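The values are calculated or read from the model by the stated rules, or taken from the named source; none is laboratory data. As the structure is a prediction and not an experimental result, all values here were calculated from the model. Neighbour counts run over all protein chains shown; Cβ positions are idealised from the backbone, glycine included.
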Amino acid sequence: MPNHPQYADVRSAEHALALGVDHVMTFQTWCEIVGISLTTAKRLCASGRGPRITRLAAQRKGVRFSDHHNWLDQAAQGRRSSA
């Protein structure tokens, strides 16, 4: 993750997760971290291949850091088993 001020909250949330506190990042922030477009992210989640979504409000959703890490772990396991 680039050392950029916009990622300061993400770095502090990652640190908090390491201490056992789970934070929620916005869906847009998750897209930026993963490096995919909002459209691709929505498609992944709609197909069931994305992380678990946390509904923050009627029109606002996010991804818990623990769900993000679980999703990454599952993706890595899928790549290893198909290789």
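Residues of the stretch 53-74 being among the polar types (S, T, N, Q) and in contact with a strand residue (DSSP E or B) (Cβ under 6 Å, 6 or more places away or on another chain), which ones? The answer is THR54, and nothing else.
Of all the criteria given as (1) at pLDDT 90 or above; (2) in a helix (DSSP H, G or I), the one not satisfied by ILE36 is (2). Residues in the stretch 28-83 that are loosely packed, with under 12 Cβ neighbours inside 10 Å, under 23 Å from GLU14 (Cα atoms) and hydroxyl-bearing (Ser, Thr, Tyr): SER37 only. Which count do you get for residues in the stretch 39-83 that are more than 12 Å from the chain's Cα centre (by Cα), of a type in the set (S, T, N, Q) and not in a helix (DSSP H, G or I)? Residues in the stretch 39-83 being more than 12 Å from the chain's Cα centre (by Cα), of a type in the set (S, T, N, Q) and not in a helix (DSSP H, G or I): 2 in total.
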